[in-house]
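Report on the structure given below.
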Amino acid sequence: MEKVRVSKLMSEQGICSRREADSYIEQGWVLVDGVPVTELGTRAFPNQKITLTRQAHSKQEARVTILLNKPIGFVSNLPELGYRPAMELIKPENRFKDDKLPLRFSATHLRGLAPAGRLDIDSVGLIVFTQDGRIAKQLIGQDSQIEKEYLVRVEGTLSSENLKKLNFGLSLDDKPLKPAKVSWQNEDQLRFALREGRKRQIRRMCELVGLKVTGLKRVRIGSVVLGKLPEGQWRYLRPDERF
C-alpha cells in the first residue's frame, strides 16, 4: 500500500476540497490518527484515520450554500458575450421573502462562492452556488451520482421508439449516454431526469429524435427542489436539506 497526499485523501473521503484541505493543514486543523499535520504535501496511508479539529468544523459550518432560480439571459459562471453572470442576482433585495432561515445576508457569503454546475444561458431554474467544497464535489465531482430533473417544452412528434431512445440508446460526440428517465409531463412537455450533464445535453438529445426544445427548466437537484422560489430570486440551503 502506497502513501497518498493527505489533501487528496481528504478530498476523496468527502471531508473537504483539496484547496480547503491545504488551508486546514497550514493552520494545524488536520489530524492523522490523532496526530496534527502541519506540512503541505504530507502523505499518509489510505487506511489511516483523518479527522478535523473543532476550528475546522466551525469554519465549515459557517459556509453557505445558495439556491437561485436563474432567468434566461444570465450565464452560470463568468460573463461572456456581454451577458451577466447569474451570481449578480445574489443580493439582499432578491432574497426570497419566504426564506425563513434566520441568517442575515453578509458580503462574506459571496467570498469564494461559486456555481456547482452549469445551466445554459437560454435555460431557467435551479442552480446552486456554494462556499462548501464538500457540496461542490458532491454535485460536480467526477463520480457524482446526483440526479437532476428538468421540465422540457418541445415541438415536433415523438414516437414510442424514440422515447425509448431518449431513455437509453443515444450517443453524443461518439460516447454513449448514461440511462435517463424521460416521460411525458403533458402534451407538449417532457420530464427528464439525468445523472450526467454534458454541454447542452437535453437540447442535443431532443434534436437526435427530431424534437425542438422551446423551453427548459431545472426543477430538482438530488432531493432539493426549486419549489416556489420565484425566477430571479434566491434562498439559503436549509440545514435539513441534503442533495
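The values are calculated or read from the model by the stated rules, or taken from the named source; none is laboratory data. Please read these numbers as outputs of a predicted model, since none were measured by experiment. Here Cβ is always computed from backbone atoms with ideal geometry, including for glycine, and neighbour counts include all displayed protein chains.
What the table shows:
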quantity: Residues that are among the small types (Gly, Ala, Ser) and farther than 28 Å from residue 241 by Cα, drawn from the stretch 19-66; calculated: 28, 34, 41, 44
quantity: Tally, over the stretch 122-148, of residues that are acidic (Asp, Glu), within 20 Å of residue 242 (Cα to Cα) and touching a residue at least 24 places away in the same chain (Cβ under 8 Å); calculated: 2
quantity: The stretch 1-41 - residue that is touching a Gly at 6+ places or on another chain (Cβ under 7 Å) and assigned to a loop (DSSP other than H, G, I, E, B) and, of those, modelled with the lowest pLDDT; calculated: 17
quantity: Given (1) touching a strand residue (DSSP E or B) at 6+ places or on another chain (Cβ under 6 Å); (2) surrounded by 19 or more Cβ atoms within 10 Å (Cβ to Cβ), index of the condition residue 121 fails; calculated: (2)
quantity: The stretch 118-158, subset modelled with pLDDT under 95 and among the charged types (D, E, K, R), residue farthest from residue 183 (Cα to Cα); calculated: 132
quantity: Every pair of residues 6+ apart whose Cβ atoms lie under 9 Å, when the first sits in the stretch 149-174 and is within 21 Å of residue 119 (Cβ to Cβ) while the second is among the aromatic types (Phe, Trp, Tyr) and surrounded by 14 or more Cβ atoms within 10 Å (Cβ to Cβ); calculated: 149/192; 150/192; 151/192; 152/192; 166/192
quantity: Positions within the stretch 2-27 being within 22 Å of the chain's Cα centre (by Cα) and loosely packed, with under 15 Cβ neighbours inside 10 Å, in sequence order; calculated: 8, 12, 13, 14, 19
quantity: Qualifying residue in the stretch 28-44 (condition: among the aromatic types (Phe, Trp, Tyr), buried (at least 19 other Cβ atoms within 10 Å of the Cβ), farther than 17 Å from residue 137 by Cα and not assigned by TED's automatic domain parsing to the domain that holds residue 106); calculated: yes
quantity: Selected residue (criterion: farthest from residue 30 (Cα to Cα)) from residues of the stretch 51-96 that are in a helix (DSSP H, G or I), modelled with pLDDT under 90 and of a type outside the set (S, T, N, Q); calculated: 61
quantity: Residue match in the stretch 97-111 (condition: small (Gly, Ala, Ser), more than 19 Å from residue 230 (Cβ to Cβ) and either outside any strand (DSSP E or B) or out of contact with any strand residue (DSSP E or B) (no Cβ under 7 Å at 6 or more places or on another chain) (or both)); calculated: yes
quantity: Out of 101, 119, 208, 190, sole residue that is touching a residue at least 12 places away in the same chain (Cβ under 8 Å) and within 18 Å of the chain's Cα centre (by Cα); calculated: 119
quantity: Members of the stretch 130-140 found to be in contact with a Ser or Thr (Cβ under 7 Å, 6 or more places away or on another chain) and not in a loop (DSSP other than H, G, I, E, B), listed by number; calculated: 130, 133, 135, 136, 137, 138
quantity: Number of the exception - residue 232 against (1) under 19 Å from residue 74 (Cβ atoms); (2) of a type outside the set (Val, Ile, Thr); (3) free of Cβ contacts under 8 Å to residues at least 12 places away in the same chain; calculated: (3)
